[in-house]
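Here is the structure we will look at.
The values are calculated or read from the model by the stated rules, or taken from the named source; none is laboratory data. Because the structure is a prediction, the values reported are computed rather than measured. Using ideal geometry, Cβ is built from the backbone for each residue, glycine included, and neighbour counts are taken over all protein chains shown. Note: areas computed on protein heavy atoms with side chains; ligands, DNA, RNA excluded. Shrake-Rupley method; radii C 1.70, N 1.55, O 1.52, S 1.80 Å.
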Amino acid sequence: MGNESSLPMELCSNFDADEIKRLGKRFRKLDLDNSGALSIDEFMSLPELQQNPLVQRVIDIFDADGNGEVDFREFIQGVSQFSVKGDKLSKLKFAFRIYDMDNDGFISNGELFQVLKMMVGNNLKDTQLQQIVDKTILFADKDEDGKISFDEFCSVVGNTDIHKKMVVDV
Amino acid sequence: MAALIVVLSVVGSILLTPFLMILVSIIFLASIGKSLGVRRLYIKLLLMIFEYGRINIEVAQRKVRKDDSDEEDMDVSPETGQESKLEIKESIPQGNSVPNGVVTNGYFNHNSTSLINRQDNLILLPEPPKIPNPPHHDTDITEASLNKDDNVVKHFELSTCFDYIKAGMEAIIEDQVTSRFVAEELKNWNLLTRTNMNYEFISWRLTFIWMCGFVVRYFFLFPLRVIICCFGVLWLTICTAMVGYAPDGPFKAWLNSKVSIMCFGILSSALSSVITYHNKENAPKNGICVANHTSPIDVLMLMCDNCYSLIGQRHGGFLGVVQRALARASPHIWFERSEAKDRHAVAARLKEHVSNPNNPPILIFPEGTCINNTSVMQFKKGSFEVDSVIYPVAIKYDPRFGDAFWDSSRYSYIQYLYMMMTSWAIVCEVWYLPPMYRKEGENAIDFANRVKSVIAKQGGLVDLVWDGQLKRIKPKKEWKERQQEEFR
């Protein structure tokens, strides 16, 4: 439990003590080798995640420092963006990061293609996929720089019920 | 020192007589199949004690919360305190039924079972990508194509990924599969230390009750149950050996059913089991009977009321003794581990057994592994191919009195029995469901799923499509492909 009590409180502003405790329990359960960090294999030990096409992206976003593993602080921070108390902006940011693979603040044509490829697998041909990508970018790209910025992203998805869709009970 | 020994021996000799009398009367009553209702009374008493414990814990928790809120933040605690009270109330009438009223503004009581949490998520869930139909092992083509049809090709939008993300996050926080392979979490403490994950020291009064319970369970119930169990096994061996000498025919079958019900009655009283059978008129006479599987004692629970043939792998040790004893009196199908792979041989023996109307019904657990009694997992199609009529049985244990789930990766069978015998009791409900017939043109997988959903519904269990074998093996790659979709 050591690593939970040592967490600065402001970090977990979206959770109360009970929720943190529960998440800590879950974290320890997922941490099969007790290394204090979750590796990709450990995430993949969950059959439901294994079959989720976007799981790699989600884990990458969790892994804020890019060391290939998710420690408890990163875990809490990641989950915290899905809290009911989390604000709309952080949820939108999370969704944006799914597409923005290199984290440069823009969704490029290539990035969108890669993410889409994950979602459709072999169901579509690459040429068909490229058409969808081009169409989507054309639709969202207001300043016509060939890529989607965060603001442009927000104006497209901002009106969807992101508050309801990106909420998970902890 | 000498005085102590004298005192002990005097106390011992005084207590021994009533102890033996209780023992003899329990065995006698069990063997004639009568009950004085003592066990039901005991269960009622336990419930009252748990209720008292719950109130105690609640008060203590509220106190802790109040202390916390004084120190840290003011606005959260009164609300949560109230909530936890509400939820615990909810939990009293058998937690499994419905997820109603459990969630308000996103809080969960930290004692709530995972089951309810997930149920709620499912309701919130937008259906598209998370096809609640994850893949089977032996998917045949018709099924795959069926799935495709449901999964209508849809238009891509940037927001399409939300559903995947949400599903992924839910799985990270709580997944449906792995949680089925560990003991179910209880909502309020049943005064057993092994379930005491969330509670530390609460109050002196509760600790005292727990200590009393400990003494009763380990120094009275446990020795009593061990003796009854040993006697039961011995008696079973003797009786079945004698039945084995009878000539084959209807008489032997009749004798066997009487003897086995008697012997299992004794064995079940070794666990202080309180079993309620519903709809006895549906109890199978012959054919194939399928049930959900929580632990090896499922067999015991069912055999107390009706005679079954069993099918399974040959075991060693304690289970082996029982298996050999059973095989003497009535036809059972025990196969070696090497044979188990040979599906056709097993199916052939199954068919042969079913074709003889003199044979008792054969009991099959099509999940193939023990699940923790919160859900029903994929039924293997094998047993549904043999015959076109299936007698489903749903078994639901009450986890408050002792967890019947056998976590076979953690405990050996003897350890498991020890835990059973030191629990409060085994309370279980058995529903005999009306026989189900395979429809014209229905394949074995669909039939299996139909039977499964009926069992899940009756037992108040979550109906999952996941394969129980995930306990041991890794999921397959192709499953992911089934989740990927097409866009236009």
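Below is a table of values for the structure above.
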| read-out | value |
| --- | --- |
| Selection count, the range A:115-143, where residues are in contact with a helix residue (DSSP H, G or I) (Cβ under 9 Å, 6 or more places away or on another chain), open to solvent by 40 Å² or more (accessible area, probe 1.4 Å) and either charged (D, E, K, R) or more than 11 Å from chain B (Cβ to nearest Cβ) (or both) | 6 |
| Single residue of the range B:270-297 satisfying the filter (touching a Cys at 6+ places or on another chain (Cβ under 9 Å) and polar (S, T, N, Q)) that is farthest from B:Ser25 (Cα to Cα) | B:Thr294 |
| Where a residue in the range B:1-28 is closer than 27 Å to B:Trp235 by Cβ and of a type in the set (Val, Ile, Thr) and its partner, wherever it lies, is in a helix (DSSP H, G or I) and open to solvent by 70 Å² or more (accessible area, probe 1.4 Å), with Cβ under 7 Å and at least six apart | B:Ile27/B:Phe231 |
| Members of the range A:144-161 found to be more than 7 Å from every other protein chain (Cβ to nearest Cβ) and within 23 Å of the chain's Cα centre (by Cα), listed by number | A:Lys147, A:Ile148, A:Ser149, A:Phe150, A:Asp151, A:Glu152, A:Cys154, A:Ser155, A:Gly158, A:Asn159, A:Asp161 |
| Failed criterion for A:Gly86 (all others in (1) touching a residue at least 40 places away in the same chain (Cβ under 8 Å); (2) surrounded by fewer than 19 Cβ atoms within 10 Å (Cβ to Cβ); (3) more than 9 Å from chain B (Cβ to nearest Cβ) hold) | (2) |
| Of all residues making up the range A:109-124, the number that are under 18 Å from A:Lys142 (Cα atoms) and touching a strand residue (DSSP E or B) at 6+ places or on another chain (Cβ under 8 Å) | 1 |
| Exclusive hit being open to solvent by less than 10 Å² (accessible area, probe 1.4 Å), over 30 Å from B:Trp210 (Cα atoms) and either at pLDDT below 80 or outside any loop (DSSP other than H, G, I, E, B) (or both), set B:Lys457, B:Lys476, B:Lys452, B:Lys480 | B:Lys452 |
| Every residue from the range B:6-43 that is among the basic types (Lys, Arg), surrounded by 11 or more Cβ atoms within 10 Å (Cβ to Cβ) and out of contact with any strand residue (DSSP E or B) (no Cβ under 9 Å at 6 or more places or on another chain) | none |
| Meets criteria (under 21 Å from B:Ile311 (Cα atoms) and open to solvent by less than 20 Å² (accessible area, probe 1.4 Å)) for B:Ser257 | no |
| Candidate set from the range A:89-112 (those that are within 13 Å of another protein chain (Cβ to nearest Cβ) and outside any helix (DSSP H, G or I)); member that is farthest from A:Val157 (Cα to Cα) | A:Met101 |
| Top-ranked residue of the range B:361-401 - restricted to ones that are open to solvent by 20 Å² or more (accessible area, probe 1.4 Å) and either in contact with a Lys or Arg (Cβ under 7 Å, 6 or more places away or on another chain) or in a loop (DSSP other than H, G, I, E, B) (or both), ranked as modelled with the highest pLDDT | B:Phe365 |
| Residue ranges of helices (runs of 4 or more DSSP H) in the range A:22-64 with at least 1 members of a type in the set (Asp, Glu) and more than 9 Å from chain B (Cβ to nearest Cβ) | A:40-44, A:55-62 |
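This table checks each residue for (1) under 27 Å from the mean Cα position of the chain (by Cα); (2) open to solvent by less than 80 Å² (accessible area, probe 1.4 Å); (3) at positive phi.
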position	(1), (2), (3)
B:Trp204	no, no, no
B:Thr207	no, yes, no
B:Asp248	no, no, no
B:Ala283	yes, yes, no
